[in-house]
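Please read the structure below before turning to the comments.
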Amino acid sequence: MAPVVAAVRASLHTGDRILVVADNCSDRTAAIALAAGAEVVERHDPVRRGKGYALDHGIRHLSQLPPDVVVIVDADCLVAPDALDRLVWRCSDSGRPVQALYLMNAPATASSRQRIAALAWIVKNQVRALGSHRLRLPCQLMGTGMAFPWCVIETAPLASGHIVEDLQLGLDLAVKGSPPLFCPEALVTSTFPIREEGVETQRTRWEHGHLGVIATVGLPLLRRAIGRRQWHLAAMALDVCVPPLALLGMALVVVLLAAALLATANWLFPLFVAATAMALFVASVGLAWNGWGRQAVALGDLLAAPIYVLRKLPMYAKLLGRRETRWVRTKRDDQSG
């Protein structure tokens with residue numbers, strides 16, 4: 001917590017404030033944040049749990065003396081020296097929410113599996129977001145490194161226990177006419193947990209939540225946006241409907257095998273389509289690695305990709321009967337309880 005507050009304080013200007021929301025914390029978070037120079041509000045509610053409730057609590061506190069722009073940064077993230085200035089300037093200039101480039105790094109002792117996860121993160125948060133940016137399309141909110149005009153965030157539907165509140169919030173704001181912009185020049189970073197328990201909790205929450213958003217929000221929104229010819233909103237909905245990289249790879253393999261069986265009965269066109277889709281998928285991941293992922297993942301690590309995918313099968317199997325729907329705090333490496 002202290003390094004995060006220190007990094008933010010180094011970028012502040014006269015009149016700026018740092019507010020830390022200590023949400024259902026049983027450790028020394030509040031005391032550490034106060035000692036580091038932050039303003040702190042505490043919230044204790046064992047029933048209404050989740051980041052959305054914490055954000056709502058913080059916004060209601062700020063409403064007593066509202067700022068022009070609110071920037072949200074998670075407590076385990078570090079902001080680059082010029083990131084806040086870039087976010088605030090872009091937000092003020094556009095009047096829209098702005099998302100920084102948010103990357104998660106594999107720890108120094110990371111396994112091949114963790115480094116492959118870092119590459120998947122780069123593909124989702126950097127490569128795809130940068131593509132949307134260059135096409136002048138909106139991006140998804142990523143949960144941290146987010147800047148909002150006060151007039152947008154004060155009425156945003158924040159108070160919920162949604163397990164991927166960032167995705168939901170970005171879509172909600174886009175429907176209301178404030179689709180988020182991507183600011184690749186502003187960098188926010190974090191590190192994947194080392195402990196396996198933290199990794200699995202985090203990934204299950206993200207991926208189950210993402211798939212739930214696809215089914216309940218993404219597909220209906222895509223149909224509605226196309227019907228109303230709202231092409232920017234349709235592009236955002238289509239992007240959110242892309243499943244996690246590992247699941248997409250699994251699905252393409254299954255489709256390819258099914259098409260191969262059909263080919264034995266001289267149905268060759270499905271095989272051509274499936275093989276083309278698989279080739280495009282492999283080429284896309286390879287190009288993303290070559291352009292942005294070389295420092296995160298060695299070429300040899302990519303050989304472990306099938307193992308990485310197979311080890312995620314139990315997590316996806318839970319979707320059939322035990323899909324994660326509750327917000328669960330990720331246990332960090334410096335937490336003992």
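The values are calculated or read from the model by the stated rules, or taken from the named source; none is laboratory data. In this text the structure is predicted, and so the values were computed from the model without any measurement. Positions of Cβ are generated from backbone atoms using ideal geometry, with glycine treated the same way; all protein chains shown enter the neighbour counts. Accessible surface areas use protein heavy atoms only, side chains included; no ligands, DNA or RNA. Shrake-Rupley method; radii C 1.70, N 1.55, O 1.52, S 1.80 Å.
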Residue that is most open to solvent (accessible area, probe 1.4 Å) [pool: residues in the range 240-258 that are assigned to a helix (DSSP H, G or I) and within 16 Å of residue 212 (Cβ to Cβ)]: 247
Residues in the range 132-143: is at least one open to solvent by 10 Å² or more (accessible area, probe 1.4 Å), out of contact with any strand residue (DSSP E or B) (no Cβ under 6 Å at 6 or more places or on another chain) and in a helix (DSSP H, G or I)? yes
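Would you confirm, using the coordinates I've provided, whether residue 196 is at pLDDT below 85 and surrounded by fewer than 21 Cβ atoms within 10 Å (Cβ to Cβ)?
yes
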Filtering the range 144-174 down to residues that are closer than 24 Å to residue 205 by Cβ, in contact (Cβ under 8 Å) with a residue 24 or more places away in the chain, open to solvent by 20 Å² or more (accessible area, probe 1.4 Å) and outside any loop (DSSP other than H, G, I, E, B) yields 165, 166, 168
Can you list residue pairs whose Cβ atoms sit under 9 Å apart, with the first residue in the range 88-100 being hydroxyl-bearing (Ser, Thr, Tyr) and the second being loosely packed, with under 15 Cβ neighbours inside 10 Å? Count only pairs 6 or more apart in sequence or on different chains. 92/68
Criterion: of a type in the set (Gly, Ala, Ser), more than 27 Å from residue 78 (Cβ to Cβ), at pLDDT below 95 and more than 16 Å from the chain's Cα centre (by Cα) - qualifying residue of 156, 174: 174
Does residue 267 fit the bill of being more than 19 Å from residue 129 (Cβ to Cβ), at pLDDT below 90, among the hydrophobic types (A, V, I, L, M, F, W, C) and outside any helix (DSSP H, G or I)? no
Of the conditions (1) open to solvent by 60 Å² or more (accessible area, probe 1.4 Å); (2) under 25 Å from residue 203 (Cβ atoms); (3) in a helix (DSSP H, G or I), residue 273 satisfies every one except a single condition; which number is it? (2)
